[in-house]
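K.L.:
Here it is: the structure, laid out below.
The values are calculated or read from the model by the stated rules, or taken from the named source; none is laboratory data. Everything quoted here is computed from the prediction, not taken from an experiment. For neighbour counting, all protein chains shown are included, and Cβ atoms are generated from backbone atoms with ideal geometry for every residue, glycine included. In case anyone asks, the SASA skips ligands and DNA or RNA and just uses the protein heavy atoms, side chains included. Shrake-Rupley method; radii C 1.70, N 1.55, O 1.52, S 1.80 Å.
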Amino acid sequence: MRQLKQPRNPRYSIVIPAYNEQRLIGKCLNSLAAQKTTVSYEVIVVDNNCTDETARVASEHGAHLQKDPNTGVCWARQEGLGAAKGEMIITHDAA
């Protein structure tokens, strides 16, 4: 498992809305952690009322975890955008 580095002042924020993505989120986060870049980025996983272990897996990979009490990808994306610190924001799917 690769560990994400979460800088204090990232240039980019990658927001991943997630609902029951336990099977896929680890692969997604490993892939992001393996990127070779000099640009700093943070990864925010938004737990959209998951009933599986998505949040645990995301935390174990070092992702910043946000909880959104509203159901739906639009709500989760907005929650992630509100938490983002980067100059530029990228939305990503867990798959």
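K.L.:
Stretched out fully, how many nm does the piece from residue 56 to residue 93 gain, at 0.36 nm a residue minus the Cα gap?
P.N.:
Values: separation 37, 0.36 × 37 = 13.32 nm, distance 1.76 nm.
Computed gain between residue 56 and residue 93 is 11.6 nm.
K.L.:
Using a Förster distance of 30 angstrom, determine the FRET efficiency expected from the C-beta separation of residue 9 and residue 67, and round it to 0.05. The partial results should precede the final answer.
P.N.:
Details: r = 24 Å, r/R0 = 0.79.
According to the calculation, E is roughly 0.80.
K.L.:
Hey, another quick one. Assuming 0.36 nm per residue, please report the length gained on full extension of the stretch residue 39 to residue 83 beyond their Cα-Cα distance.
P.N.:
Numbers: separation 44, 0.36 × 44 = 15.84 nm, distance 1.92 nm.
Value of the extension gain: 13.9 nm.
K.L.:
Of the candidates 82, 26, 72, which one comes out as most mobile in a Gaussian network treatment of the chain with C-alpha springs shorter than 10 Å?
P.N.:
82
K.L.:
Loop-only GluC sites (Glu not before Pro) in region 57-89, please: DSSP not H, G, I, E or B, and at most 14 other Cβ atoms within 10 Å.
P.N.:
Details: sites: 60, 79, 87; in loops: 87.
Counting only loop positions with at most 14 other Cβ atoms within 10 Å, the GluC sites (Glu not before Pro) in region 57-89 are 87.
K.L.:
Rounded to whole Å and ordered largest first, report the semi-axes of the equivalent ellipsoid of region 1-57 derived from its Cα gyration tensor (root of 5λ). Write down the numbers at each step before the final one.
P.N.:
Working: eigenvalues 93, 32, 13 Å².
Equivalent ellipsoid of region 1-57: 22, 13, 8 Å, largest first.
K.L.:
Give me the orientation-averaged projected area of the Cα convex hull of the chain, in nm², one decimal.
P.N.:
Values: hull surface 21.2 nm².
Convex hull of Cα atoms, orientation-averaged projection: 5.3 nm².
K.L.:
Before I look further, what does the chain give for accessible area per residue, probe 1.4 Å, in whole square angstrom?
P.N.:
Working: 5620 Å² over 95 residues.
The answer is 59 Å² per residue.
K.L.:
Using every Cα-Cα pair within region 40-95, state what percent have a distance larger than 18 Å. Present the calculation step by step, with values, prior to reporting the outcome.
P.N.:
Numbers: 428 of 1540 pairs.
So the portion of pairs separated by more than 18 Å is 28 percent.
K.L.:
Ok, one more. About its Cα centre, what dipole magnitude does the chain give when the only charges are +1 on Lys and Arg Cβ and -1 on Asp and Glu Cβ, stated in debye to the nearest 20?
P.N.:
On the way: 11 positive and 10 negative charges, 83 e Å.
With only Lys, Arg, Asp and Glu charged at Cβ, the dipole is about 400 debye.
K.L.:
Pull up all non-local amide H partners of residue 42: gap of 5 or more, or a different chain, and H-to-H distance under 5 Å with H placed in the peptide plane.
P.N.:
Placed amide hydrogens put 12, 13, 14 under 5 Å from residue 42.
K.L.:
Right, next: For region 1-88, what % of the accessible area comes from carbon and sulfur atoms, probe 1.4 Å?
P.N.:
Values: 2480 of 5150 Å².
Carbon-and-sulfur percentage of accessible area, whole number: 48.
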